[in-house]
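Worksheet for the structure shown next.
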Ligand SMILES: [Zn+2]
């Protein structure tokens, strides 16, 4: 989809998602003499061939891509690097925290699932091998990816068109958004998920509530005419983007209010809090949503507002009164 003469947006493929929103991310291409891709999406199931074909219909040749700017290291955002980097020779940029994940599949697996620690069994249930196989299949059998240049945020990159790297932690510690000043366009990655969420996307073991909220505040203050998320549709018009971020900020504050209210009546396990706050969540989204609640509980624990106790083998959360 053409956003402007220079910016092109390609939606992730629905059938390659675990569930609406999860997996198969959107890919954005900046058309210049030194063409840029923002994330590379999936390869499995012909996803990359489709992307190439759709881009070709817009007059873009993905083999001419000179740079890949990664928002972060998750499998659905980096798998296409095995073509765009390894075959087309594009240079890869990412934050140092994401670099160590992109360059090691083991680190990637840990960061997505195992780093949840003692909550693994409660959140995921199935043995880790099940998820290893699933992610190996969906993410593709890439190996040997490398990040050539690291970005900490604030860098102005010149690809014939200026791109500003913006450090936007919350979803992951090294998450980056990219601003194209001449277009007033922001490539937002997973700082929110407009398909399955209503606020900051804090669905993995390295998500941070205060960082996610600070990022939304920071982005809300930017001059944005086009917001391009990795999951969901573009949002156009300054007023619409502002209204979107107002809503995301309000809902993200609501995460804390909801969890606190849930614990004010009775002590509860993570599973009980999840069932109370998010009844009817599809099974395939359960792990992600439980991790989001856990992100909030860990924040409240750091603040001294809740405590965690082991009772009869169960991990029980209590409000400190
Ligand atoms: Zn992600």
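The values are calculated or read from the model by the stated rules, or taken from the named source; none is laboratory data. All values derive from a computational prediction rather than experimental measurement. As a convention, Cβ positions derive from the backbone with ideal geometry for all residues, glycine included, and neighbour counts pool all protein chains shown.
Within the range 64-74, is even one residue modelled with pLDDT of 90 or more, surrounded by 21 or more Cβ atoms within 10 Å (Cβ to Cβ) and part of a helix (DSSP H, G or I)?
The initial filter retains those residues of the range 64-74 that are modelled with pLDDT of 90 or more, namely 64-74.
Next, from what is left, pick out any that are surrounded by 21 or more Cβ atoms within 10 Å (Cβ to Cβ): 65, 67-74.
Filter once more, keeping what is part of a helix (DSSP H, G or I): none.
No, the conditions are met nowhere in the range 64-74.
Tell me the residue from 186, 157, 194 that is in contact with a strand residue (DSSP E or B) (Cβ under 6 Å, 6 or more places away or on another chain), in contact (Cβ under 8 Å) with a residue 12 or more places away in the chain and within 14 Å of the ligand (Cβ to nearest atom), please.
Numbers: 186 fails: within 14 Å of the ligand (Cβ to nearest atom); 157 fails: within 14 Å of the ligand (Cβ to nearest atom).
Of the residues listed, the single one that is in contact with a strand residue (DSSP E or B) (Cβ under 6 Å, 6 or more places away or on another chain), in contact (Cβ under 8 Å) with a residue 12 or more places away in the chain and within 14 Å of the ligand (Cβ to nearest atom) is 194.
Going by what's in this entry, would residue 234 be described as within 16 Å of the ligand (Cβ to nearest atom), at pLDDT 95 or above and in contact with a strand residue (DSSP E or B) (Cβ under 7 Å, 6 or more places away or on another chain)? It would help to see each step written out before you state the result.
Working: within 16 Å of the ligand (Cβ to nearest atom): no; at pLDDT 95 or above: yes; in contact with a strand residue (DSSP E or B) (Cβ under 7 Å, 6 or more places away or on another chain): yes.
So residue 234 does not fit the description; no.
Is it the case, given these coordinates, that residue 164 is surrounded by fewer than 18 Cβ atoms within 10 Å (Cβ to Cβ), away from the ligand (no atom under 16 Å from the Cβ) and part of a helix (DSSP H, G or I)?
Numbers: surrounded by fewer than 18 Cβ atoms within 10 Å (Cβ to Cβ): yes; away from the ligand (no atom under 16 Å from the Cβ): yes; part of a helix (DSSP H, G or I): no.
No.
Only one of (1) in a loop (DSSP other than H, G, I, E, B); (2) surrounded by fewer than 24 Cβ atoms within 10 Å (Cβ to Cβ) fails for residue 210. Which number is that?
(1)
In the range 75-99, how many residues are part of a helix (DSSP H, G or I) and within 16 Å of the ligand (Cβ to nearest atom)?
Start the filter on the range 75-99 by keeping residues that are part of a helix (DSSP H, G or I), which leaves 75-78, 81-84, 96-99.
Add one more test, that the residue is within 16 Å of the ligand (Cβ to nearest atom), and what stays is 75-78, 81, 97-99.
Residues in the range 75-99 being part of a helix (DSSP H, G or I) and within 16 Å of the ligand (Cβ to nearest atom): 8 in total.
So for the range 102-122 (the condition being exposed (fewer than 13 other Cβ atoms within 10 Å of the Cβ), within 25 Å of residue 177 (Cβ to Cβ) and more than 19 Å from the chain's Cα centre (by Cα)), does at least one residue qualify? Working first, answer last.
Step one: list which residues in the range 102-122 are exposed (fewer than 13 other Cβ atoms within 10 Å of the Cβ), which gives 106, 117-118, 121.
This time we only want the ones that are within 25 Å of residue 177 (Cβ to Cβ), so: none.
So far as the range 102-122 goes, no, none of its residues is exposed (fewer than 13 other Cβ atoms within 10 Å of the Cβ), within 25 Å of residue 177 (Cβ to Cβ) and more than 19 Å from the chain's Cα centre (by Cα).
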